[in-house]
């Protein structure tokens, strides 16, 4: 493990002092939350409600890219769309302490949404439609797009640069990932030219907190430009018939606020494939962070890569099937 990783300097005292530096007095309570890309803590504040403080991974985003995300979520919150936006403290949402950039968020309670309920899916669809209606109004300038090149080809190329795979599986992996990326390209070809919008980007159940008032969307850290269906497909699960029923309910709510281009349904399995390849490359890119070998000890094992090869073969078959229908 690399003990000199930049996060090794982010001690509890450093984190608490960072909160003090932007005008909130930490009371010493600090709880590390489940986050690997960044370091995220719930902190107690004297005479005020607890807050959540996110310390951005050094070198990942530029200040301009972070501020674009902040501006987007702040705009959504101002329109009473239930997203958790950063607090403006001392006139800023992005702060710097001891070399660490960070943002402070209000603590948002809630539970996991029940995606097996039709009313929950419709509710999710309505709010995603509202988010996307705002997302179409301008483009990100400093944040990357989600597409075949950024998630697929770049991830493939990075994995080829290191000795991440067992030698006896390299040929099988190279073959299946090439076939998968060719199938992804064909899915994009079938979908045709589409309009990319500002997305949540990582809209899975873990980034949605459910309360009596409905969903609250958190963690726009992966927000980027891409097709609207990227924020919908991760809500789907089960066999094809189940996914079709779920999609119908989501779109029933979604189209109250935003128009959905049904051609994007050609991309569901393509986007799932890109996410699988990108995830493997993400683990490899972060392997110098001591938190990653500890949390993902199975990453560079024979069993892991055998499972990934099988997974991509299954995805190739799914991408050959007709898409779901709107």
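Quick note: the coordinates plus some simple rules give every number you see, no bench work behind them. Only a predicted model underlies this, so the values are computations on that prediction, with no experimental measurement involved. Note that we place each Cβ from the backbone using ideal geometry, even for glycine, and neighbour counts take in every protein chain shown.
Over the chain, calculate the relative contact order: mean separation of alpha carbon pairs under 8 Å at least 6 apart, over the residue count, as a percent.
That works out to 21 percent.
Given a Förster distance of 35 angstrom, what is the FRET efficiency for residue 160 paired with residue 321, based on the Cβ-Cβ distance and rounded to 0.05?
About 0.75, to the nearest 0.05.
If each residue's Cβ is checked for other Cβ atoms within 10 Å, how do 237, 35, 183 rank with the fewest at the top?
Fewest to most other Cβ atoms nearby, the residues stand as 237, 35, 183.
Rounded to the nearest 0.05, what FRET efficiency do residue 303 and residue 46 have when you use their Cβ-Cβ distance and R0 = 45 Å?
Numbers: r = 49 Å, r/R0 = 1.09.
Efficiency, from the Cβ-Cβ distance: 0.35.
How far apart, in nm, are the 7 Å Cα→Cβ label points at residue 142 and residue 21?
Once both label points are built, they end up 1.8 nm from each other.
List 21, 155 from most exposed to least, where exposure is judged by having the fewest other Cβ atoms within 10 Å.
21, 155
Assuming R0 = 41 Å, can you tell me the calculated FRET efficiency for the pair residue 212 and residue 98, based on Cβ-Cβ distance, to the nearest 0.05?
Here the calculated transfer efficiency is 0.55.
For every helix of n ≥ 4 consecutive DSSP H residues, a contribution of -39,500 (n - 2.57) applies; sum these over the chain, divide by its total residues, and give [θ] at 222 nm rounded to the nearest 500 deg cm²/dmol.
Estimated from H runs of four or more residues: -13000 deg cm²/dmol.
Given the C-alpha centroids of the stretch 7-50 and the stretch 261-326, what is the distance between them in whole angstrom?
Using only Cα atoms to place each centre, the spacing works out to 33 Å.
Would you mind ranking 54, 107, 163 by Cβ crowding within 10 Å, fewest neighbours first?
Listed from fewest to most nearby Cβ atoms, that is 163, 107, 54.
How do the peptides 198-209, 8-19 rank, highest first, by the average count of neighbouring beta carbon atoms within 10 Å per residue?
198-209, 8-19
In terms of the Cα gyration tensor, with a ≥ b ≥ c the square roots of its eigenvalues, is the chain rounded because a/c is under 1.5, prolate because a/b exceeds b/c, or oblate? Could you put the intermediate results ahead of the total?
Values: a/c = 1.92, a/b = 1.21, b/c = 1.59.
The shape class here is oblate.
Go from 0 up to the bin containing the longest alpha carbon distance in the stretch 1-142, width 5 Å each, and give me the % of pairs per bin.
2, 9, 16, 19, 18, 15, 11, 7, 3, 0
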